[in-house]
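The values are calculated or read from the model by the stated rules, or taken from the named source; none is laboratory data. These numbers come from a predicted model, not from an experiment. Heads up, the Cβs are rebuilt from the backbone with ideal geometry, glycines too, and the neighbour counts pull from every protein chain shown. Areas reflect the complete protein model, heavy atoms only, side chains present, ligands, DNA and RNA absent. Shrake-Rupley method; radii C 1.70, N 1.55, O 1.52, S 1.80 Å.
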Amino acid sequence: MPTLSIPGAMLQVEILELPVKISSKVSDQFLAPSESILRKSLLEIMGVKFMMSLRLEANMWYPLKEMFLKSLFLAGTWRRRSCKSGQFYEPSLMDCLDCPVNASLVTSADGFACSCEEHSVATNIARCKPCNITEVVSSDGTACVPRRCQSSAGRMVCRKCPQDHILVTQLLDGSPMKEVQCIKCARGYKVFENRCVKCEACSCKKHEIIVRGRCIPKKYILSRPKYNENQLHPNELLEIVKLEYLCTQQDFRACRRLASACVRNFYSLDPGGPCRLWVQPNIGEFKGKDILKIATGIHTKVGGLDLFLDTNHRPNTCLPPINIKIGDDFSYDCVKNVSKLTEEDFGSILELYLLSETSLEPLSIKLIKPNGYDIQKGKWPSKQFRKFFLFNKSLSTVTNTTNTVYLRTLLFQITIERDASTYGLRLQMTIEAHYATKSPLTDIVTTSLRVEHKMPTAGVLRGLEICGGVFGSLMTLYALLQWRGVLRRGGLWFVVMPLLSSCIADALYFAMLISVFHALVAEAGTLALTLPLSQAEEQAIEAVVYSVICLKVLKVIWINWNQCRCDIFFIDWSKYNPPIKDASIQNKSKNWKEAILAKEWMSKQTKRRVSPGFTAVSTLFILHFVEQTSVHLSKSQGYKWVIASVAWWSCYTVLLCTRFLIEKFIKSAPIKLTKICSDLELSLLVFEHEYYAHYVDGRNEDLIDFRPSVHALQTCRVVCSPQLRNVYKKLSNNGELENNSNRALLSQFLSAFFERALDGLNWVASERTIFEKLFDVELVAREGGSTSVLLYDGDVTTPSCFAVTWWGEEWTLATFDSMLFGCIVIMTGNSVLSALITLITWQIMKCTREFFGNFNVKNKVGLNN
């Protein structure tokens, strides 16, 4: 007879094809009432008859009961699955029953009851009602909610919600709506099973892109190498890119999954494949530390190890421990007398460590032998070694003399690269020990400790290419336009050189200024540490700064030379129509009016809109405060130059705007010249070029039309006809004519010209266009022949004759001052010295300009005596 035994119990199950009999010696007092009923029940399971003979102790009934109930449940499940469609299993009867007909009921999912059909709602406990074709079941399944439908071509067409909307059938209190509503999910959410769930990819920023449901910066995707093996499906490659980015963001699960992908792809060497983070150059990540601490370990001759961690306790001046500040290059030289060295110095072996907060990490060193060759790899794992020596004595096999080999240079080369994936920095440090042999002629040797940095580029050169190309093209066109205007005014051909050199200087200067300033702002805004510029960028800045000041000097020399040679003439209206009442005064004081006007004109020669003295002083104040926050930029001359230049231009702009406001609302200094001319009845005529002059009218008529406040031609530009210029030159070169000098005759001639009293020589008035005001050139020829043109500006009260003074060349002189200031800053690094040299240069130029300018005025006006 087959039997089943349970350890710890006296149990025997006899399998017979007979009705089941349960017998036991267990007393009923140990069993619960339901358990007593259980032991006496007759079961029919799977059509097999069992008889169980149980002999067990009372405390073993409960495990048996649990096993028996599980058997009973499995039997019920087997019988439920055997029920037909439309039937459900009733455990109390242990039989399959039919669901009520015509009640829209079907078998439930678990098979133990009946539930409403799809698209139906319950009306009572045993009946359901199907919803109409134009209705949908509410969310809680208790009501049919109508939806918007219409009949089309014999069919009923109902409205469907758009892709990013959910279907709502109930109000907030749970009651059904009168009509189905479609509600759009909020930003950052998406539709999932008619619910709005949070969507991480929906909240991506403008500079991010969705990759497999995650937001990844576009810059990271663009900087990643291209995958060339073409063995991965595009979806798999996108998943790897996502895992790679998450791994760089310290997601360890993503790192493990990425490592698994690398293994499954047989450790692919493709730089764009799944093993990219392992096969790229071994450069440690730089996480914001700006100081590297290098410690020294000395293995003594007797086998001990001395660690030197503190920089104040160094075994040798040219040996670590040292603190290397990122971006600072330095060098130490130590002089040693070999004859005074001890045996301990010759027998010591050194080792370098990178000191961190919790550990010491050994550093590898590349050894360069005295012959200039490094140690060959051979069977060594690499050319890098950990231990080196400072001094060593060896006996030569050729000369039988003792040679001393010593450490000549200990070089730390630090390479910093930008990590586009993490927007951070990666750092690699290489250490080289260069050895040399001591000369037999001396016992003195020199050991050097050097730290050199190889900085990453900050984009200055790229910015210079872009800005320089754009600015250079525009400024070159502007220079050619200016040259064309000068030639039409009767200027010289070689003027193209100072004009072109000045425009090129401005283009290079501002292109470099914008590029370096952009690099500085980008560095300071994205990284915890602002690195100095690379050596190539520093050299490019120096080259541009020195070049632009040389080019600008040509323009400054030319404008001063041209202003000191311009032709000047005073038109005396009293000689054109002399009044009788002033005749005695004119006889007593000859040329007193010319002297007053000449003195006023000479005082305006070197007047500036903004004094360089105010600009320099305010710039030094700003740099003093900025210095406290930019100490880490002291090693970068390029950044120091751009900070000084920006401070200079900021102060200059503020002072210039202040000057404009004062002139507009309080007092305008240039108007004084027109008032003096009107009071003295003298007109000022200054020839800037051969056929181009500036005119200030001095007629003081009683007629309101000629008063300065309404007279449009009070100050204007005169485009002279060749005939007028020829007559002017002939009269100005003649000697005395009877009782009237040539100057009086010329004054009468010009007075008659402006009064339109000459036959054959006439003029027309024309207002300058906005482009002519902007570029200061005449774009079109208005008249020809013997007719001259008087050009005026309707909205400008400043006399145009200031164009032949420093006032009119403010832009050239302002850029020259800033270029000179920046040049001295980048040359010396001292802003105070730079400001002092700039002011001294300004004063020298001012004295020179005043001397030659006054000499020219006196000579042309006739006041030499």
Expected output for the stretch 721-745 (first residue within 28 Å of Glu783 (Cα to Cα), partner of a type in the set (Phe, Trp, Tyr) and at pLDDT 80 or above, Cβ below 8 Å, 6+ apart or cross-chain) is Ser721/Tyr691; Pro722/Tyr691; Leu724/Phe753; Arg725/Tyr691; Val727/Phe749; Tyr728/Phe749; Leu731/Phe749; Ser732/Phe569
Over the stretch 646-678, the set of residues closer than 30 Å to Leu513 by Cβ and either charged (D, E, K, R) or not in a helix (DSSP H, G or I) (or both) is Arg659, Glu663, Lys664
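Conditions tested, residue by residue: (1) out of contact with any Ser or Thr (no Cβ under 9 Å at 6 or more places or on another chain); (2) closer than 30 Å to Arg214 by Cα.
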residue: Leu93; (1), (2): yes, no
residue: Asp110; (1), (2): yes, no
residue: Cys128; (1), (2): no, no
residue: Gly154; (1), (2): yes, no
residue: Lys160; (1), (2): yes, yes
residue: Leu172; (1), (2): yes, no
residue: Cys182; (1), (2): yes, yes
Within the stretch 467-496, restricting to residues that are over 37 Å from the mean Cα position of the chain (by Cα) and free of Cβ contacts under 8 Å to residues at least 24 places away in the same chain, the one that is surrounded by the most Cβ atoms within 10 Å (Cβ to Cβ) is Trp483
A careful count of residues in the stretch 108-134 that are in contact with a strand residue (DSSP E or B) (Cβ under 7 Å, 6 or more places away or on another chain), open to solvent by 50 Å² or more (accessible area, probe 1.4 Å) and in contact (Cβ under 8 Å) with a residue 12 or more places away in the chain gives 8
| Somewhere in the stretch 194-213, is a residue assigned to a loop (DSSP other than H, G, I, E, B), out of contact with any Lys or Arg (no Cβ under 6 Å at 6 or more places or on another chain) and within 30 Å of Cys149 (Cβ to Cβ)? | yes
Cβ pairs under 9 Å, 6+ apart or interchain, first in the stretch 554-576 and modelled with pLDDT under 95, second of a type in the set (Phe, Trp, Tyr) and in a strand (DSSP E or B), ordered by first then second residue, are Cys566/Phe687; Asp567/Phe687; Ile568/Phe687; Phe569/Phe687; Ile571/Tyr695
Arg408 fails exactly one of (1) modelled with pLDDT of 85 or more; (2) assigned to a loop (DSSP other than H, G, I, E, B); (3) among the charged types (D, E, K, R), namely (2)
Taking the stretch 605-632 and keeping residues of a type outside the set (Gly, Ala, Ser), at pLDDT below 90 and in a loop (DSSP other than H, G, I, E, B) leaves Glu627, Gln628, Thr629
*Determine whether Cys182 is in contact with a Leu (Cβ under 7 Å, 6 or more places away or on another chain) and closer than 30 Å to Val137 by Cβ.*
yes
Just to be sure before I move on: is Asn830 open to solvent by 20 Å² or more (accessible area, probe 1.4 Å), under 22 Å from Arg565 (Cβ atoms) and among the polar types (S, T, N, Q) in the structure I sent? no
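Do the conditions hold for Ile840, that is, is it modelled with pLDDT of 95 or more and open to solvent by 50 Å² or more (accessible area, probe 1.4 Å)?
So Ile840 passes the test.
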Matching residues in the stretch 684-720 (modelled with pLDDT of 90 or more and either surrounded by 20 or more Cβ atoms within 10 Å (Cβ to Cβ) or more than 17 Å from Glu778 (Cβ to Cβ) (or both)) number 16
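Counting only residues that are outside any helix (DSSP H, G or I) and among the small types (Gly, Ala, Ser), which one in the stretch 820-863 is nearest to Ile549 (Cα to Cα)?
Gly829
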Among (1) assigned to a loop (DSSP other than H, G, I, E, B); (2) at pLDDT 85 or above, Phe388 falls short only on (1)
Contact list, first residue from the stretch 182-210 and more than 30 Å from Leu222 (Cα to Cα), second anywhere and hydroxyl-bearing (Ser, Thr, Tyr) and open to solvent by 50 Å² or more (accessible area, probe 1.4 Å), beta-carbon distance below 6 Å, six or more apart or interchain, is Cys196/Tyr189
Take Trp811 and decide whether it is outside any helix (DSSP H, G or I), out of contact with any His (no Cβ under 9 Å at 6 or more places or on another chain) and either closer than 16 Å to Met602 by Cβ or open to solvent by 40 Å² or more (accessible area, probe 1.4 Å) (or both).
no
Considering the stretch 219-242, residues that are free of Cβ contacts under 8 Å to residues at least 24 places away in the same chain and open to solvent by less than 90 Å² (accessible area, probe 1.4 Å), and then whichever is nearest to Pro274 (Cα to Cα), we arrive at Leu237
Next on the checklist: Can you say whether Lys184 is touching a strand residue (DSSP E or B) at 6+ places or on another chain (Cβ under 7 Å), surrounded by 11 or more Cβ atoms within 10 Å (Cβ to Cβ) and of a type outside the set (Asp, Glu), as far as the supplied structure shows?
Outcome noted: yes
Given (1) touching a residue at least 24 places away in the same chain (Cβ under 8 Å); (2) closer than 26 Å to Leu269 by Cα; (3) β-branched (Val, Ile, Thr), Thr169 misses just (2)
Inside the stretch 497-546, the number of residues satisfying the requirement of being in a helix (DSSP H, G or I), buried (at least 17 other Cβ atoms within 10 Å of the Cβ) and not β-branched (Val, Ile, Thr) is 23
For the stretch 269-281, state whether one or more residues are closer than 26 Å to Arg386 by Cα, modelled with pLDDT of 85 or more, outside any helix (DSSP H, G or I) and open to solvent by less than 100 Å² (accessible area, probe 1.4 Å).
no
Restricted to the stretch 780-802 and to residues being surrounded by fewer than 17 Cβ atoms within 10 Å (Cβ to Cβ) and within 46 Å of the chain's Cα centre (by Cα), the residue modelled with the highest pLDDT is Asp793
Here the residues within the stretch 433-449 that are of a type outside the set (S, T, N, Q), at pLDDT 90 or above and surrounded by fewer than 16 Cβ atoms within 10 Å (Cβ to Cβ) are Ile444
Among strands (runs of 3 or more DSSP E) entirely within the stretch 305-382, at least 2 residues that are within 21 Å of Ile294 (Cβ to Cβ) and open to solvent by 90 Å² or more (accessible area, probe 1.4 Å) occur in 330-337
